[in-house]
Structures are given as C-alpha cells and as structure tokens.
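Take a look at the structure below.
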Ligand code: PMP
C-alpha cells in the first residue's frame, strides 16, 4: 500500500508535499502528541501539522463535541444564526481586550488576512499596505503580496515581476532578521535567546521609517506583523520595536494588524496572544491554525468602528465560515485549553525545552542559534559559528530525515530552509521533550561522523 500511495500522490496530487521528506510518511492515526504510520511506527509530533494541532490529535473531548454536533447540525451558511456560533463568539470575545470585540468567522489564515486587508483599506481609505520581509501571511493572491519568505517568494513567468504584482501597493518593511550571514537583512544580534539582547532596534526603526516614506502616497492603510515570524524560522523582534512601528503606522492613518495564526491561543505561554508580549494593542487580529485543532476554521477580530466601516462598503459573506460544526469545535478547544491549563504548560515545558536545546548550541558548532518563546522554537543550522553561513540544504534534509526515522517529526523554516521549527501540541510533557532532545542529538552526532 505504501508504494501505491506514493504512485497516486505523484500522479494526482500537488508535488509540493512530496518534497518534505525523501521517504514521505503515510500517516494513519493520531493520538494527542503522537502520530502513527501505516506500519504502526509511532512519531512524536513536534510540529503539530504546521503549528495547528493545539490541544492534541483527536483530543477525546473535542472529538466527542464534534461527534455530538454532527448528529445535530453541520451547516447553515453565514446568513442563518445558530447557538454554537453565539456561544463561540462570546467565549472568544472574552479572551480579547477592549475594543476588539467584533468577530468575523472564516476558514483559513489566508482568508482571514485577505479580509483584514480589505478592512484596513475601507476603514483608512488608504491603499498602501506594509508587511515585513520574511513574513508569511498566506497563499491567496492578495496575501501572496504580503508573504515574503524563502520558497514562498514567487516569481511570475516572462519577467512579469514578483508576487507583489498580484497585489499592488504592498511595501516591504525591514526585518527578516536571521542569524545567518547571507540573510538579506543582517542582524547585529549577539545572541537571541531573549529579544532583550538585541542591539538592532534603532537600525530597524530607521529602515521602517524609510519604508513608510517610500510608500506612494505616504498614506498607509495597514501594517501586518506576526508577533514572532513563524515560517521565517521563529524570528523575534528587538524589544519595543513593534510598539514603535505601530505608533509610526498610526501617525500616518494606518491600522495595525497582528497575525496570530501561529502565535495565538496560549502557545507562547506567557500570554494568550502574541501581541500581548509586545505590549501593543492591534486594531485587527487574525487567527487560524490552532483555533480549530486541525478543523478548518479562522477568524478576524476587530473594533466595532472598523467593522462598521466595512459593513458600509461590503456585505461580508462566507458560506462555510462559522458553521455549527466549526464553532462547536472552536468552543471545545477553548474549553480544553482552560481546563487542562495548556497555556501554563506551554510556558513551563517551553522554558524547559528552550534551555535544554540551548545546550546543543554549545555542543555543536553547526547550531548557530536556538531561540523562541513558549512552545515555538527555532534551531538555526550553520556551517560553523564563525562563518554563520547556512548549513547546505542537503545536510539539513538529512538531519530532518534521520529525526523522522527515529520517531521525531520537526518542521523547517527560514530563508534557506536552514532552521528547524519546533511547535508541539500544547499538551506535550517534559519527558517527551527529553525524548526529542535525545533523538535530535543522535541525528546531529550521526551527521558529524
Ligand atoms: N499567517 C501565518 C502567520 C501563517 O503561518 C500562515 C500559514 N502558515 C498563514 C497566515 C496562512 O494560513 P492558511 O495556510 O490557513 O491559509
């Protein structure tokens, strides 16, 4: 069945997914932080299906709620009201500070950011949008203009330009900062275990001002930022940087959008939302992935004022957004995060994990940087600490593959795909972190042989 599956995939499915492993996995089952393949081998899921399975694969409480809702009502479309939607809206709104209380329910992170962009433009009556170099905000034509990282940078054929041609009036702010020397924007960080030791804030603010001033009309509609850049390889900003950037955008009449698709729902441990760790209050918050623990759902939360201005221009409609099934699952996910203290677990186990993996930085010269917050960690691979050149992709691929063969699934990111990304389900234990550590260390030792 394995070779047949590969054949079907090759013939009929998008080629992108097959590139992830030399020997792709055929997964059959999931239970909390563990996944099982067709031969019964088990894998510790240290990437949660790209930072999505927030409370655990097939969490029994979430599954039970979904099954019960399936017997009652699956779908109504967004023109009808139903109790799971109201229950969910109340619960989610409670978790956001004033005046972020109006919720638009959609189905994916890309859709959420598309809608946020429309909101920013209708509210501000400006057109220009700023996003960071290294940011990932989606793969729809609109959000492709915002996304600017590694393999997701698209060149159109016949010299038609890059992806921003699809979505004009998007300008790139600085950042993208990575440890590697080859990264287009170099950081002057000495180390990055905490953003406090970053020395680069002033430099980035100057670059950010330049970007704002090159925007055609100098009239900014909106500014998108991930509280920590995920796809770019878990890249953090210098302390206070985001706060100053928000102020500069607002001076020019723009709104600030926090893309919490990866950082929301308690994953960072210290706060429920990533923007709270920067001490900023966005005008719009977009969320997806962890919101549904793998069930497709997403949301945009904004202020009554911005919501009203959108309603004047557009009757927002979404066939599947906020379906009874999605809302029931969303409520169950929030319930589990609360009942099982998963935000606290992210904080405790995340801190333990970061300290533990930082030990490897001292042991191996090919680990340039270990950074992150809560259960979102990046391990940046280099040829050596002196040169800070990215470790060649073939070598990173091999370590990645070896981890998988020893039962550990980790993610990848960064401009050169040189960073391992770690974001396990939030129910992970310290014992499992120890297992992951041993596997990862063994893969590195094998690599050095
Ligand atoms: N924003 C961020 C920060 C993301 O990481 C992603 C997905 N990687 C998206 C938006 C897009 O989400 P989706 O794939 O659900 O469209």
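The values are calculated or read from the model by the stated rules, or taken from the named source; none is laboratory data. Treat the numbers as computed from the prediction; the structure is a model and nothing was measured. A quick note on method: Cβ atoms are made from the backbone with ideal geometry, for glycine too, and the neighbour counts reach across all protein chains shown.
Of the residues that make up region 92-99, is at least one part of a helix (DSSP H, G or I), within 14 Å of the ligand (Cβ to nearest atom) and under 24 Å from residue 320 (Cβ atoms)?
First, pick out the residues of region 92-99 that are part of a helix (DSSP H, G or I): 92-94.
If we keep only those that are within 14 Å of the ligand (Cβ to nearest atom) as well, we get none.
The answer is no; no qualifying residue exists.
Every residue in region 1-52 that is assigned to a helix (DSSP H, G or I) and closer than 29 Å to residue 291 by Cβ, please. Walk me through how you get there before you give the answer.
So the first thing to find is which residues in region 1-52 are assigned to a helix (DSSP H, G or I), and the list is 2-12, 17-19, 48-51.
Scanning region 1-52 gives 9, 17, 18, 19, 48, 49, 50, 51.
Residue by residue through region 357-369, note down the ones that are surrounded by fewer than 16 Cβ atoms within 10 Å (Cβ to Cβ) and in a helix (DSSP H, G or I). If you could, list the steps in order and put the result at the bottom.
Residues of region 357-369 that are surrounded by fewer than 16 Cβ atoms within 10 Å (Cβ to Cβ), as a first pass: 359, 362-363, 365.
Matches in region 357-369: 359, 362, 363.
How do the strands (runs of 3 or more DSSP E) wholly within region 163-279 filter down when requiring 2 or more residues that are under 25 Å from residue 128 (Cβ atoms), modelled with pLDDT under 85 and within 16 Å of the ligand (Cβ to nearest atom): which remain? Please lay out each step first, then the result.
Working: elements: 170-173, 220-225, 255-259.
Correct list: 170-173.
Within region 313-321, is there a residue that is surrounded by fewer than 24 Cβ atoms within 10 Å (Cβ to Cβ), within 16 Å of the ligand (Cβ to nearest atom), in contact (Cβ under 8 Å) with a residue 60 or more places away in the chain and within 21 Å of the chain's Cα centre (by Cα)? Talk me through it step by step, then tell me what you get.
Step one: of region 313-321, the residues surrounded by fewer than 24 Cβ atoms within 10 Å (Cβ to Cβ) are 313-320.
When the remaining residues are screened for being within 16 Å of the ligand (Cβ to nearest atom), the result is 318, 320.
Those still in the list that are in contact (Cβ under 8 Å) with a residue 60 or more places away in the chain too: 318, 320.
Add one more test, that the residue is within 21 Å of the chain's Cα centre (by Cα), and what stays is none.
For region 313-321, residues surrounded by fewer than 24 Cβ atoms within 10 Å (Cβ to Cβ), within 16 Å of the ligand (Cβ to nearest atom), in contact (Cβ under 8 Å) with a residue 60 or more places away in the chain and within 21 Å of the chain's Cα centre (by Cα): absent.
One line per residue, one yes/no per condition, for (1) in contact with a helix residue (DSSP H, G or I) (Cβ under 6 Å, 6 or more places away or on another chain); (2) away from the ligand (no atom under 15 Å from the Cβ); (3) at pLDDT 95 or above; (4) not in a loop (DSSP other than H, G, I, E, B):
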{"site": "87", "(1), (2), (3), (4)": "yes, yes, yes, yes"}
{"site": "90", "(1), (2), (3), (4)": "no, yes, yes, yes"}
{"site": "139", "(1), (2), (3), (4)": "yes, no, no, no"}
{"site": "157", "(1), (2), (3), (4)": "no, yes, no, no"}
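Restricting to region 125-137, what's the tally of residues that are more than 7 Å from the ligand (Cβ to nearest atom) and buried (at least 20 other Cβ atoms within 10 Å of the Cβ)?
Restricting attention to region 125-137, the residues satisfying the condition of being more than 7 Å from the ligand (Cβ to nearest atom) are 125-135.
From what is left, the residues that are buried (at least 20 other Cβ atoms within 10 Å of the Cβ) are 126, 128-135.
Number of matching residues: 9.
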